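The values are calculated or read from the model by the stated rules, or taken from the named source; none is laboratory data. As the structure is a computational prediction, the values presented were derived from the model and not from experiment. Positions of Cβ are generated from backbone atoms using ideal geometry, with glycine treated the same way; all protein chains shown enter the neighbour counts. Surface areas here come from the heavy atoms of the whole protein model, side chains and all, with no ligands, DNA or RNA. Shrake-Rupley method; radii C 1.70, N 1.55, O 1.52, S 1.80 Å.
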There are 2 protein chains.
Amino acid sequence: MSKAAGDISEIVIRRMPVYHRYLKELIESGVERISSKDLSQITGYSASQIRQDLNNFGGFGQQGYGYNTVDLKAQIEKILGIDKKYNTIVIGAGRLGQAIARYQGFRNSGFNVISLFDIKDGISDISGIKVRQMKDLENYIKEENVEVAIITVPREACEEVAKRVVEAGVKGIWNFAPFDLKGPEGVVIENIRLNDSLLTLSYFMKNL
Amino acid sequence: MSKAAGDISEIVIRRMPVYHRYLKELIESGVERISSKDLSQITGYSASQIRQDLNNFGGFGQQGYGYNTVDLKAQIEKILGIDKKYNTIVIGAGRLGQAIARYQGFRNSGFNVISLFDIKDGISDISGIKVRQMKDLENYIKEENVEVAIITVPREACEEVAKRVVEAGVKGIWNFAPFDLKGPEGVVIENIRLNDSLLTLSYFMKNL
């Protein structure tokens, strides 16, 4: 029943981490099974939407029983590829870059930060992770088989940095610079749009 | 022609910051006017979608001329309420909280960080911004007329912190803890879901 990734729309994919997050909470609260109706109340998506989303990957529920929370969480982790580990670097060792490099949650999702890079020389290690020089970027990516780069450099620098890491072999970019990076075929880019979110907050506050 | 905020769907609102971001770039590149067709190519939204979005707020374009970039950017800023200023605090003075407190981009969007708060005592000022004690939170919010709180505390603490700031009078929350905060009527909450984004990146990398 499961389909190839290309057949599933991005909007469905983006709901998977949401299900995963709520399932984690349910399991922590001792809930062993849940109906799509109850899952609907928690997530805000309709029950039929939830069933349809999960059917894309083969189902996992049982008529009249609902979903086993532990099983469903494990299935979603498989779908999302959490079991995979990626050698990851952070480019830009400012406060944001440092915060990300140290955050255990990203490590738990399979993204192992093995080095930071910065244009400034002589920045000390961040929780035991070395801060390297930009001139060594390409060699390091190739030698250490780095697959993911987290970009926290200023906007002016982000396109050039992205180009360099992609040419060196990086397959995924998590971009925090306020600029929509677009990648070539075969490279996955997630742009985090903090400013967009803040402007949305501003809009809703103005219209309270 | 302009409608009340309640009539406009959130999905339309969330495209406004995107238009704003691209218009800023166009203006910096010296582009004075742009058609919805060209705007479509840059943003990836269809031309009719763009026209329809902007018509929600009264139009701003001219048949056969397109949009004046500077005018449209100014109009969107008005729609988004960027002209307004909000007294803002950051709760959680870890690296992420510090990065946010110092970031000029947020200040430019009207969010003035006037203090940080942390459960730990004795953290030194962050770029001249004082780090205060959690016991003084409610009094400070009331005395300084704080309207927005940025929450960067761990997940376990975020619900309690949100409850406290809302009861003290905060009207908007920008939440970085990996937990979907839900606010009471009259309080705007923007949840930043960094982990969800990372899991999405993981999915697409797995299926490359």
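Cα-based Rg of segment A:61-208 per 2.2 N^0.38 Å, rounded to two decimals?
The value comes to 1.23.
So what is the 222 nm mean residue ellipticity for chain A from helices alone, if each DSSP H run of at least 4 adds -39500 (n - 2.57) and you divide by all residues, rounding to the nearest 500 deg cm²/dmol?
Counting only the DSSP helices, I get -14000 deg cm²/dmol.
Just the accessible area per residue of segment B:1-96, please: how many Å² with a 1.4 Å probe?
Counting only protein heavy atoms, the per-residue value for segment B:1-96 is 52 Å².
Rg to Rh ratio, segment B:105-163, alpha-carbon atoms and Kirkwood radius?
Here the Rg-to-Rh quotient is 0.95.
How far apart, in nm, are the 7 Å Cα→Cβ label points at B:GLN104 and A:LYS24?
Going from the B:GLN104 label point to the A:LYS24 one covers 3.5 nm.
Identify, among A:VAL148, A:CYS158, A:GLY61, the residue whose Cα sits farthest towards the positive end of the charge dipole of chain A, taking +1 on the Cβ of Lys and Arg and -1 on the Cβ of Asp and Glu, with the dipole about the Cα centre.
It is A:GLY61.
For segment B:37-77, take N as its residue count and report Rg(C-alpha) divided by 2.2 N^0.38 Å.
Against the empirical 2.2 N^0.38 Å value, I get 1.07 for segment B:37-77.
Per the 1.4 Å probe, what fraction of the accessible area of the protein assembly as shown, in percent, lies on carbon and sulfur atoms?
Of all accessible area on the protein assembly as shown, carbon and sulfur atoms account for 45 percent.
Over all distinct alpha-carbon pairs, what is the Kirkwood Rh of segment B:149-208 in angstrom?
12.5
Express in % the proportion of alpha carbon pairs of segment B:1-97 at distances exceeding 24 Å.
Every Cα pair in segment B:1-97 considered, those over 24 Å come to 28 percent.
On a straight-distance basis, which aspartates and glutamates could pair with A:LYS135 in a cross-link, Cα separation under 17 angstrom, same-chain partners fewer than 8 positions away excluded?
A:ASP118, A:ASP121, A:GLU143, A:GLU144, A:GLU159, A:GLU160, A:GLU167
Past the 27 Å Cα-Cα mark, which pairs from A:LYS85/A:LYS163; B:LYS73/B:LYS163; A:LYS37/B:LYS182; A:LYS182/B:LYS85; B:LYS120/B:LYS163; A:LYS171/B:LYS182?
Result: B:LYS73/B:LYS163; A:LYS182/B:LYS85; A:LYS171/B:LYS182 exceed 27 Å.
Accessible area lost on pairing B with A, both sides, 1.4 Å probe, Å² to nearest 100?
5900
Which FRET efficiency, nearest 0.05, do A:ASN207 and B:ILE11 yield, Cβ-Cβ r, R0 25 Å?
Between A:ASN207 and B:ILE11 the formula returns 0.95.
What are the GluC sites (Glu not before Pro) within segment B:1-86 that DSSP puts in a loop, where the Cβ has at most 16 other Cβ atoms within 10 Å?
Passing both the DSSP loop test and the Cβ count: B:GLU32.
Sum up the charges of everything whose Cβ sits under 12 Å from the Cβ of B:GLY66, counting Lys and Arg as +1 and Asp and Glu as -1, but leave B:GLY66 out.
0
Could you tell me how far the Cα centroid of segment A:173-187 sits from the Cα centroid of segment A:120-166, in Å?
Value for the Cα centre distance between the two parts: 15 Å.
Buried by at least 40 Å² relative to the chain on its own: which residues of segment B:67-83 qualify, computing accessible area with a 1.4 Å probe on protein heavy atoms?
Going by heavy-atom accessible area, the residues of segment B:67-83 that drop by at least 40 Å² are B:LEU80.
Under a plain spin-label model, where a point goes 7 Å from the Cα along Cα-to-Cβ, how far apart in nm are B:LYS78 and B:SER48?
Taking the simple label geometry, B:LYS78 and B:SER48 are separated by 2.9 nm.
So, with +1 on the Cβ of K and R and -1 on the Cβ of D and E, and no other charges, what is the size of the charge dipole of the protein assembly as shown about its Cα centre, to the nearest 20 debye?
I would put it at about 140 debye.
Please compute the contact order of chain B in relative form: average sequence separation of alpha-carbon pairs under 8 Å and at least six residues apart, divided by the residue count, as a percent.
13
Just to confirm, what accessible area per residue do you get for segment B:138-208 at 1.4 Å probe, in whole Å²?
So segment B:138-208 comes to 43 Å² accessible per residue, rounded to a whole number.
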